[in-house]
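Only one structure is covered here, and it is reproduced in the block below.
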Amino acid sequence: MVVQAMTSREAVLANIRAAKGGPADESIPRLYSASVDLSPAEVVEQFADRLHDYNATVHHCTVDAIPATIAGILQTRQKTGLLIPSGLPPEWLPADYAFRRDEGLSYADLDASQGVLTACDVAIALTGTIVIGHSPAQGRRALTLVPDYHLCIVRLDQLVATVPEGMRRMAALLPAPLTTISGPSATSDIEMIRVKGVHGPRTLEVILVG
Amino acid sequence: MSVHVGEAASALPFPEAAKKLVANSQLRRNVRHATNVIRTKRGRVVAEMDDWEQLRDAGKAIKDHTLAHLDEYLLQFEAACTKAGGQVHWARDADEANRIIVDLVKRYGSDEVIKVKTMTSDETRLNVALEAAGITPFETDLADLIVQLGEDKPSHIVVPALHRNRMEIRELFMGKMGLDTLGYQPEDLAAAARNYLRERFLRVKVGISGANYLIAETGSVVVVESEGNGRMCLTLPDVLISIVGVEKVIPRFEDLEVYLQLLPRSATGERMNPYNSIWTGVTPGDGPQAFHIVLLDNGRTKVLADPESRETLDCIRCGACLNACPVYRQTGGHAYGSVYAGPIGAILTPQLQSMEHSQTLPYASSLCGACYEVCPVKINIPEILIHLRTKVVDSGHAPLAERLAMKGAAFAMSKASRLSLAHAFARLGQWPFNDDGKLDNLPGLLAGWTEFRDLDAIPAESFREWWSKR
């Protein structure tokens, strides 16, 4: 049989071609909403609401107040410092706390840390989603995964209303790896009861800036 | 070529398996409770989307378009993924996929792997192949961990341990994890899983995943998850191997915006699941520095070859049809004898096996249409079930009396269903979903079915007779 001489790749492709998988090309209807009719203030309010739904804590502040806001949060949480990615703006950092840059830290270091502070790339109000594009201000993927606490700074100009709007901005970040985060890690595997906090950071805290 | 779908080929016929399972009242209570919760949540978050029907239309059209050009999009994916540093393998069947993966794990010198939930690897029985080669697989999804530690089988596509309640899981964890004390709240059990897996996440050098989507234009791979175990497996190991059915490819990055809205709302009733990971080949300095992907056929191209039922491959594995199905809600997932349970399993499992096994599954339905109603990509499961019943009859696998009865019935149904579907669905709101949980409700459900259809109930009668004979 000819199939015997084929590679698996050729065989699978030949099967697909023989199957003639479908009718002639049809255009894809995209009649769903790409945007919503909400004011900027309403979009911010919706984003904060969604984060609350997910049990994430939300703060609002101006650019100038970022260091003071971070200091207040660390004090409340009784933390003496956090890990930071190498490209995090230094002017955000309050004095008197120990911020350690991730320059090749081991997984054990990440695991033993008090948490991590990063920026983000995009945020989506409708779903309460934060998108991390793992650029220098967010660090490699492990940095926002292994620590148990994640403090994330979201600028209002990074916030969009809908998933399609968010995807437009995400497309511009490729081929960098992308992680979307909608609340702390969670499971509903036991009796469909939502448990917040499994393997990813169990606590997510967000500062909305602008 | 040897296509197998888990152990479906040697599973009990559905009626026999179902008869045993419905006698287990604890299991029925667990399944009913979980599916009730998930249906309520889904209903709430779907209702708040004004453009849900438009999203469904787009979701279906993208999948159908992709299937019409599947070879082109797979080749485009292969080229883009390869260019980004990934290595693409092709597997005709389950055994070949397992062989490729076992060889890779050995080549990288590991005798253990961490796994993020992949139904496809359950389909190929990858864990059995790994263990036979001396490689220990650690399941890391909470439900999969419960299934693995309990030497159990998955009973649901999205929440595989849905048939187990907290007390059963507590007992299992205490025994298998060697714990003297453990609370019984879901929080306590999730925390025990976190502790148990943490060290393995940080240590094991090879990760294995499935994928929800492959993006042809960019070569990117997408994994949708909740717990963060996926991110651990995709990010921390040195080597990542993904096993993915060929039907999971979509053309453009933009297409993802449709499924990232349809899937979480349909699957878990969330507006968005906690984590999505999207990666493209290998990223220097971030995550695994070796990435392999195994593109699996295992009967999928046979499904593709049948124009009447190829839309089965549109499935995005949300599990909404399981939660909605009055038969699944009575029997649970194990009755289907396949890693793919419920209505989608009833059409997918026999087709993947070229209709040579699992021939009773197309009958494991009352054809009420609830599965079609909730399907985010509008797979017409009732029509496909009828089509497959005809195939079973034509293949001579059905008993003679059934063959004659079903032939007439299927013919009538396939015409009548087209005429009356809109009518029947308009009345679905009145559907008397029955929660009393007795086997003898099934004929009751079927009686209800006839009330809501303008059709002589030949298949319903036939199903009832067929059922009572077993």
Margin query: I'd like to verify a number: residues in region B:203-234 that are farther than 22 Å from A:D189 by Cβ and assigned to a loop (DSSP other than H, G, I, E, B), how many?
Written below: 5
Check: Take the residues of region A:19-67 that are facing chain B (nearest Cβ under 7 Å) and closer than 30 Å to B:N298 by Cβ: which is surrounded by the most Cβ atoms within 10 Å (Cβ to Cβ)?
Finding: A:G21
Next item on the list: Could you check, for region B:276-291, whether at least one of its residues is away from chain A (no Cβ under 12 Å), buried (at least 24 other Cβ atoms within 10 Å of the Cβ), outside any helix (DSSP H, G or I) and among the hydroxyl-bearing types (S, T, Y)?
Entry: no
Check: Looking at A:G200, is it in a loop (DSSP other than H, G, I, E, B), in contact (Cβ under 8 Å) with a residue 40 or more places away in the chain, crowded, with 21+ Cβ neighbours inside 10 Å and at the interface with chain B (Cβ under 10 Å from one of its Cβ atoms)?
Finding: yes
Note to self: Exactly one of these conditions fails for A:V122: (1) in contact with a strand residue (DSSP E or B) (Cβ under 6 Å, 6 or more places away or on another chain); (2) crowded, with 24+ Cβ neighbours inside 10 Å; (3) farther than 19 Å from B:G285 by Cβ. Give me its number.
What the structure shows: (2)
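Each row is one residue, and each column tells you yes or no for (1) within 11 Å of B:L348 (Cβ to Cβ); (2) among the basic types (K, R); (3) in contact (Cβ under 8 Å) with a residue 40 or more places away in the chain.
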site: B:G285; (1), (2), (3): no, no, no
site: B:P288; (1), (2), (3): no, no, yes
site: B:I293; (1), (2), (3): no, no, yes
site: B:G299; (1), (2), (3): yes, no, yes
site: B:A305; (1), (2), (3): no, no, no
site: B:T312; (1), (2), (3): yes, no, yes
site: B:A320; (1), (2), (3): no, no, yes
site: B:N323; (1), (2), (3): no, no, yes
site: B:P326; (1), (2), (3): no, no, yes
Margin query: Of everything in region B:125-151, what is in contact with a strand residue (DSSP E or B) (Cβ under 6 Å, 6 or more places away or on another chain) and within 14 Å of chain A (Cβ to nearest Cβ)? Give them in sequence order.
Written below: B:F138, B:E139, B:T140, B:L142, B:L145, B:Q148
Notebook entry, point to check: Quick one: which helices (runs of 4 or more DSSP H) sit completely within region B:1-108 and have at least 1 residues that are more than 9 Å from chain A (Cβ to nearest Cβ) and of a type in the set (F, W, Y)?
Noted result: B:14-22, B:70-83
Margin query: Condition check: of a type in the set (G, A, S) and facing chain B (nearest Cβ under 7 Å). Does A:S188 satisfy that?
Written below: yes
Note to self: Can you go through B:V246, B:V239, B:V206, B:V222 and tell me which one is in contact with a Leu (Cβ under 6 Å, 6 or more places away or on another chain) and either over 27 Å from A:Y54 (Cβ atoms) or in contact (Cβ under 8 Å) with a residue 12 or more places away in the chain (or both)?
What the structure shows: B:V246
Next item on the list: Take region B:164-181 and flag every residue that is more than 11 Å from chain A (Cβ to nearest Cβ) and part of a helix (DSSP H, G or I).
Entry: B:E171, B:L172, B:M174, B:G175, B:K176, B:M177
Check: For the subset of region B:34-50 comprising residues that are of a type outside the set (S, T, N, Q) and surrounded by fewer than 16 Cβ atoms within 10 Å (Cβ to Cβ), which member is farthest from A:T162 (Cα to Cα)?
Finding: B:G43
Checklist line | Scan of region B:342-362 for residues that are surrounded by fewer than 24 Cβ atoms within 10 Å (Cβ to Cβ) and assigned to a helix (DSSP H, G or I), ordered by number | finding: none
Next item on the list: Considering only region A:66-178, give the helices (runs of 4 or more DSSP H) lying wholly within it that have at least 3 residues that are in contact with an Asp or Glu (Cβ under 6 Å, 6 or more places away or on another chain) and modelled with pLDDT of 95 or more.
Entry: A:163-171
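For every residue, the table says whether it meets (1) in a loop (DSSP other than H, G, I, E, B); (2) away from every other protein chain (no Cβ under 14 Å); (3) over 22 Å from A:T187 (Cα atoms); (4) in contact (Cβ under 8 Å) with a residue 24 or more places away in the chain.
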position	(1), (2), (3), (4)
B:E123	no, yes, yes, yes
B:K153	yes, yes, no, yes
B:L162	yes, no, no, yes
B:G183	yes, no, no, no
B:E187	no, no, no, no
B:F201	no, no, no, yes
Next item on the list: Those residues that are within 7 Å of chain A (Cβ to nearest Cβ) and either surrounded by fewer than 24 Cβ atoms within 10 Å (Cβ to Cβ) or among the charged types (D, E, K, R) (or both), I need them from region B:237-255; list them, please.
Entry: B:F253, B:E254
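The values are calculated or read from the model by the stated rules, or taken from the named source; none is laboratory data. Predicted model, so just to flag it, every value in this text is computed and none were measured. All Cβ positions, glycine included, derive from the backbone under ideal geometry; neighbour counts span all protein chains shown.
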